[in-house]
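For reference, the structure is listed below as structure tokens.
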Amino acid sequence: MPQDRQPPEQELARLKARVQELEAELEQYKGRAGDLDKQLSAERAERQVIESTPPISPTPDLEQTLGRLVKRIAMILQAEKCVFMLHDPEAGELVAQRPAVGLSDEQVKVFRVRATHGASGEAFRDAKPVVLDDAVGDPRTVKENVALLNIRNIATVPLVMETRDEQERVVEKKTIGVLHVFNKRFGGMFSDEDVRLLTIMARQAAAVIASAQLYIELKQEKDKLEATLESILAGVMVVDMKGKVTLVNQAGRRMLGLTQEGEISAPLDEVIPDERIRELVKRSMTSQKESAAEIEVKKPAERVYQGQTTLIRDETGQPTGVVAIFNDISEIRNVERMKSAFVATVSHELRTPLTGIKGFISTLLSDTEGFFDDESRREFYTIIDQECDRLTRLISDLLNVSAIESGRALEVNYTPVDPTSLIEKTVSVQRSYTDKHELRVEIPERLPRIMADEEKLERILTNLMNNATKYSPHGGEVVVRAVREGDSIVVAVRDQGIGVPKDKQTKIFERFERVDTRDTREAGGAGIGLFLVKHMIEAHGGTIGVESEVGNGSTFTFSIPVEPKRAGGGGGSA
Ligand code: ADP
């Protein structure tokens, strides 16, 4: 037994104390192990979260989504800065994108590098991670950027976009940029484990960017399509094969009398009030063929629509829906209707004077015994002469209408005209046609000579006076009043006749437009007089309008400039 050996009691006491010490230490270790265990499982959980997080779903706000992502990457990798760069193929550059962590907007704006340069270029080109512990000294870095962003160390991974097929198999890989983290916190360096994590995060980022880009592109495409659809004049409605209306453009909503705004998604029967339109669509669905129909609607306005449907098919040729297009053909139908009414009235208007002419000539020819005295004969000749004038006027009116319709402007042959004598002459001619009406001229002050086309001016006056007597079947006064107003003379033709309803007061100046009443039908007419009058006045640079009340007469007022307005210069009489 060695000399220094202590007595067994002491030894025992010492050992006991040591055991206690060890026990305390063990407790401590246990606690620390628990801590470590906790830390480990936390890390494990985090990694699991990262690895299993499905790609963040694209929102319209790409920046917001990516903002969350870069923050998360910087936090997990304990990096001071995190930024991703996208490849701009046109510029051949990698361009930093907002949002970034640890970089100002200004820095992001100027941070770009040729796709072949620096750590960014290397990671992009080789589609491999690059880790640099000494960014300042490493020959591979672009020094301005290192200085600009104050970079110490770098971990960079490529952003690879994967295209997958239906079975989730990767069918295409494309590097779209790089993801950087700079400056490991607490003076550390980026480890292999960091790169592994960064690669996982980059995959997510690429997926988000790709889907967000796709989303944005699709949205832009959709917006463009929608704007086009909304702006076209035709009504467009899309119905799926289940009979649900999925789209109606603005024109369509107006035509189909739909009040709801915005997107429509409801069954056809609920959305479309008009049964004929529903039928048109359903016919296409059941027959799987195009169909067409002309649909007259009364509400909200009386219109005629030409509806046409076509099937929409997918790539395999299966019908997926029906698109119906509606064109407003009311005007076309209206003009057609007016034209046929016009042909009927013109034939009538031509036949009436011809019948008169023929009648009087036959009478004169058959009077071989000299039954009619000279005065009667003269009267017949006068009537024949007047009827011939009426025919000539009508034919010349028709020729003028067709000239205006084909876009030819009416020619104005300016000569000096004395309006007072022209008005008096025209009124006295009109007096010879009527004994039911009192025709008066009111010219309160001397009118200046004007530069105008005398023949056209006479036609204008004749036409208005003729209408004034024609549409005053019970007679009454017709007053032609002329005054000077500034640089124009203003002529008003007032009658006490049947008047023009308010809603027709603009229409009657259009071609073939007539107010349809018994009185106007009896009066006869082709509906082109006022159309020509308006054009002749406008050719002079003047205007015409009407004030009237049904049953209380009408006043047609027109102006003609004293001097013709100079064309082109936008000047005219100031
Ligand atoms: P027309 O007299 O040959 O029918 P117009 O173009 O001269 O053709 O006139 C168009 C329509 O305007 C007429 O059909 C008539 O209904 C209405 N109208 C024109 N002048 C008058 C008037 N003085 N009083 C009432 N209605 C008128």
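The values are calculated or read from the model by the stated rules, or taken from the named source; none is laboratory data. Just so it is clear, the model here is predicted, and its values are computed rather than measured. For neighbour counting, all protein chains shown are included, and Cβ atoms are generated from backbone atoms with ideal geometry for every residue, glycine included. Only protein heavy atoms, including side chains, enter the accessible area calculation; ligands, DNA and RNA are left aside. Shrake-Rupley method; radii C 1.70, N 1.55, O 1.52, S 1.80 Å.
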Measure of exposure for residue 87: accessible area at 1.4 Å probe, Å² rounded to 10, is 60 Å²
Expected vector for region 208-224, Karplus 3J(HN,Hα) from phi with 6.51, -1.76, 1.60 and θ = phi - 60°, integer Hz, x for Gly and Pro, equals 5, 4, 4, 6, 5, 5, 4, 4, 5, 4, 4, 5, 4, 4, 5, 4, 4
Stretched out fully, how many nm does the piece from residue 186 to residue 483 gain, at 0.36 nm a residue minus the Cα gap?
-> 97.2 nm
Say the cut-off is 25 Å between C-alpha atoms; which of 224/282; 436/504; 224/299; 299/507 go over it?
-> 224/282; 436/504; 224/299
So which trypsin sites (Lys or Arg not before Pro) in region 281-339 pass both tests, a DSSP loop state and at most 16 other Cβ atoms within 10 Å of the Cβ?
-> 289, 298
So the FRET efficiency between residue 344 and residue 385, C-beta based with R0 = 22 Å and rounded to 0.05, is 0.20
Low-density loop positions, GluC sites (Glu not before Pro), region 470-574 - DSSP coil, at most 12 other Cβ in 10 Å = 549
According to a simple spin-label model (label point 7 Å from Cα along Cα-to-Cβ), what is the distance in nm between residue 375 and residue 432?
-> 1.8 nm
Modelled label-to-label distance, residue 310 and residue 405, 7 Å Cα→beta-carbon offset: nm?
-> 3.2 nm
Report the antiparallel proportion of the DSSP beta bridges in the chain as a percent, rounded to a multiple of 5.
-> 95 percent
Ignoring ligands, DNA and RNA, what percent of the 1.4 Å accessible area of the chain is carbon and sulfur?
-> 52 percent
Taking only the alpha-carbon positions of region 233-328 and ignoring solvent, what does the Debye formula give for the base-10 log of I(q)/I(0) at q = 0.12 Å⁻¹?
-> -0.33
By how many nm would the segment from residue 260 to residue 441 grow when fully extended, if each residue of separation counts as 0.36 nm and the alpha-carbon distance is taken off?
-> 59.3 nm
Sequence-distant or interchain residues sharing an amide H contact under 5 Å with residue 152, placed H: which?
-> 183
Using label points projected 7 Å from each Cα along Cα→Cβ, tell me how many nm separate residue 226 and residue 449, to one decimal.
-> 6.8 nm
Exposure rank, largest accessible area first [211, 554; 1.4 Å] | 211, 554
Rg/Rh for region 343-403, where both radii come from Cα atoms and Rh is the Kirkwood radius | 1.12
3J(HN,Hα) from dihedral phi, region 375-387, Karplus parametrisation 6.51/-1.76/1.60, rounded to Hz, x for glycine, proline = 5, 4, 4, 4, 4, 4, 4, 4, 4, 4, 4, 5, 5
Where only protein heavy atoms count, and the probe is 1.4 Å, what is the accessible area per residue for region 343-403 in Å²?
-> 67 Å²
Summing -39500 (n - 2.57) over every DSSP H run of at least 4 in the chain, dividing by its residue total and rounding to the nearest 500, the 222 nm mean residue ellipticity is -15500 deg cm²/dmol
Determine the gain in length on full extension of the stretch residue 362-residue 329; use 0.36 nm per residue of separation and subtract their C-alpha separation, reporting nm with one decimal.
-> 7.0 nm
Within the set of other residues whose C-beta is less than 11 Å from the C-beta of residue 127, count the net charge using Lys and Arg as +1 and Asp and Glu as -1.
-> +2
Rounded to a whole number, the Stokes-Einstein D of the chain in µm²/s (Kirkwood radius over Cα pairs; 20 °C; 1.002 mPa s) is 63 µm²/s
